[in-house]
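Data block below; observations after.
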Amino acid sequence: MAPRIRSPKLILALLTVLWLLNNLDRYVLAAVLAKVQGDLSLTNFVAGWLPSIFLIGYFATSPVFGRMGDRGRASGSAASGAAVRNALLAGGVAVWSAATVASGLAQNAASLMAARAFVGIGEASYGTLAPPLIDEIAPPDRKSMWMSIFSAATPIGAALGYLAGGAILHAYGWRAAFFVPGVPGIAAAVLCLLLYPERSTSAAADTTRQESTARVVRSLLSIGLYRSALVGYCAYTFAIGGFGYWAPKYLYARYGLDAGAASFKFGLVTVAGGIVGTLLGGALADRAVRRERARQSAVRGSAGLTAEAAERAADDATARANAKVCAIACAVGTPLALATICAPTAGAFFALALPCQIALFILSGPINVTLLRSAPLALRASAMAVCIFAIHAFGDLWSNPFIGLIADHAPMQTAMYAVPVAFLLAAIVWWRGALASARLT
C-alpha cells in the first residue's frame, strides 16, 4: 500500500510547490511574448488573447470541479471523499503540465491557443480544490498566514516565470522555456493521490444536501460580503492580470530594454515584492482577525451563543477583517501603480514597482480567506469555483486584449492607465463590503 501524506504542514508545502509551478507556467508566456510574436507573426491584439484563451478553459470548467469537490466533501465516507478530491487534483496537475509542454511544441497561433486552453482546464481543477483543503487543515488562528503562504506561490511563480523565461530565452529559445514547469508537474501529479489529512469533526459531519448549481450560485451571491469580495476581486484581477502580462512588453516598448532583460528584471522585483507582500498580508490579516473577534465579543457582551452561532460569528469576524486588509492594501497600491506607469526612466519604474507590488500582494491570502469564510462550510469548493469563474470571465479575460487593442492604436502608456483605475474600484468595493455583515441573518 502506498504511503499516505497526512501531515498538514507537508500537505501545505506540496500544494504550494505545485501552485508555484502552475503560476510559473502562466508567466513564462509573458516573459517570451516578444519572441513568440515575432516567430508566429502575432499582432498585439492576437497576443493579448493567448492568456484569455487559457482563462476560458480555466473559468468555464471550474464550476464543474467545484460541485464535484463539494459532493465528495459532503459524502458520508471521508476516505471516498478524499479519493475523489485527490483524483481531481492529480488529473488537473497532469493535464496542465502536459499542455504546458505542448505549448513549447506549438507551430502556429492555433496550436498554441489550443494548448493554452487545455492548460486552463487542468488548472481549474487544482485552483478550485487546493484552497478549501488548506482552509480545512490550517490551525484556527493561523488560517490567513497559511493561505498567504500558499498564495505567495503566485508572485514567486510569476517571478520565476519571468526569470526562467528571460534566461532560457537567450540560451535555448522560447520553446524550451515551457518545458521548465511542464516536465516536473507531470511527475508530481502522482503525489496528489496520496493526500489524506485528518478531517475536523465539523468537516466530517457536514453532509448538507447538494443543490443545483444555479441554486448554489444564487445562495452564494445573496451573501453580502461574498458578493462584494467577488466584485472587487474581478476589478483587481483585471488590473493585476493586465499589468503582469504587459509589463515586460511595456518596458521593451517605452524604455527600449531588451525583451529578455526586461522580463528578468521585472521578475526580480516581482519575487521580492511578492514574498514580502504576501507574508506581510498573512501576519496583518491574522492580527486584524484577532481584533475583529475581540470587537464582536465586546458587542455581544455575555449573551450566550449556541456552538453553531459561535462558529458563524467567528467566520464573520475572519471574513470581515480579511476584507478590510484587502481594501487598505489595494488603496495604497493604486497611486503607486499610477506612479510606476508614469515613471520617466526604467530605473524609476523598477524603484516604484517594488513598493507597488508589496502593497498589492498583501491581499493575496486575505482575499481567499474572505471568500471561503463568508461562504457556508458545505459550499466552500463551489465558492472558490464561482470566484474563479467570475474573476476571469469579468476580469483578466478582457484586460489583456483590451490593453493590447489600445496599444495598437495609441501609446502603450495610455493603455496601461486602465490598471490603477481598476485597482481603485476594487479598493472601494472591498471597503464597503467589509462594513456589511458577512452572512445574511
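Identify, please: which residue in the range 317-351 is touching a residue at least 12 places away in the same chain (Cβ under 8 Å) and not in a helix (DSSP H, G or I) and is, among those, surrounded by the fewest Cβ atoms within 10 Å (Cβ to Cβ)? Looking at the filtered set, the residue picked out is T345.
Among the residues of the range 81-140, those identified as farther than 10 Å from F54 by Cβ and of a type in the set (S, T, Y) are S97, T100, S111, S125, Y126, T128.
So, restricting to helices (runs of 4 or more DSSP H) that lie completely within the range 391-441, which ones have at least 3 residues that are touching a Gly at 6+ places or on another chain (Cβ under 7 Å) and farther than 28 Å from K324 by Cα? Talk me through it step by step, then tell me what you get.
Working: elements: 397-409, 412-416, 418-434.
Correct list: 397-409.
Taken together, the criteria exclude V276 from residues that are more than 23 Å from D141 (Cβ to Cβ), modelled with pLDDT of 80 or more and in a helix (DSSP H, G or I).
Taken together, the residues in the range 28-46 that are in a helix (DSSP H, G or I) and either under 19 Å from L268 (Cα atoms) or within 27 Å of the chain's Cα centre (by Cα) (or both) amount to 12. Kindly indicate whether any position in the range 102-113 is under 22 Å from S399 (Cβ atoms), modelled with pLDDT of 85 or more and of a type in the set (A, V, I, L, M, F, W, C). Yes, there is a match, as at least one residue in the range 102-113 is under 22 Å from S399 (Cβ atoms), modelled with pLDDT of 85 or more and of a type in the set (A, V, I, L, M, F, W, C).
Note down all Cβ pairs under 8 Å where the first residue falls in the range 357-376 and is surrounded by fewer than 24 Cβ atoms within 10 Å (Cβ to Cβ), the second is part of a loop (DSSP other than H, G, I, E, B), and they're at least six residues apart or on different chains. From residues that are surrounded by fewer than 24 Cβ atoms within 10 Å (Cβ to Cβ), the pairs are P376/T208. L18 meets each of the listed conditions (1) at pLDDT below 80; (2) within 26 Å of D135 (Cα to Cα); (3) surrounded by 22 or more Cβ atoms within 10 Å (Cβ to Cβ); (4) among the aliphatic types (A, V, I, L, M) apart from (1).
Scanning the range 182-211 for residues that are loosely packed, with under 15 Cβ neighbours inside 10 Å, at pLDDT below 55 and closer than 25 Å to K9 by Cβ gives S200, T201, S202, A204, A205.
Can you pull out the residues in the range 131-149 that are under 13 Å from T370 (Cα atoms) and among the basic types (K, R)? Across the range 131-149, the qualifying residue is only K143. Taken together, the criteria exclude K9 from residues that are farther than 21 Å from G120 by Cβ and touching a residue at least 60 places away in the same chain (Cβ under 8 Å).
Would you check if A337 is closer than 30 Å to L257 by Cα, touching a helix residue (DSSP H, G or I) at 6+ places or on another chain (Cβ under 6 Å) and at pLDDT 85 or above? Answer is yes for this residue. Does V93 count as under 25 Å from V386 (Cβ atoms) and either without any contact (Cβ under 8 Å) to a residue 60 or more places away in the chain or of a type outside the set (F, W, Y) (or both)? Answer is yes for this residue.
The values are calculated or read from the model by the stated rules, or taken from the named source; none is laboratory data. These numbers come from a predicted model, not from an experiment. Note that we place each Cβ from the backbone using ideal geometry, even for glycine, and neighbour counts take in every protein chain shown.
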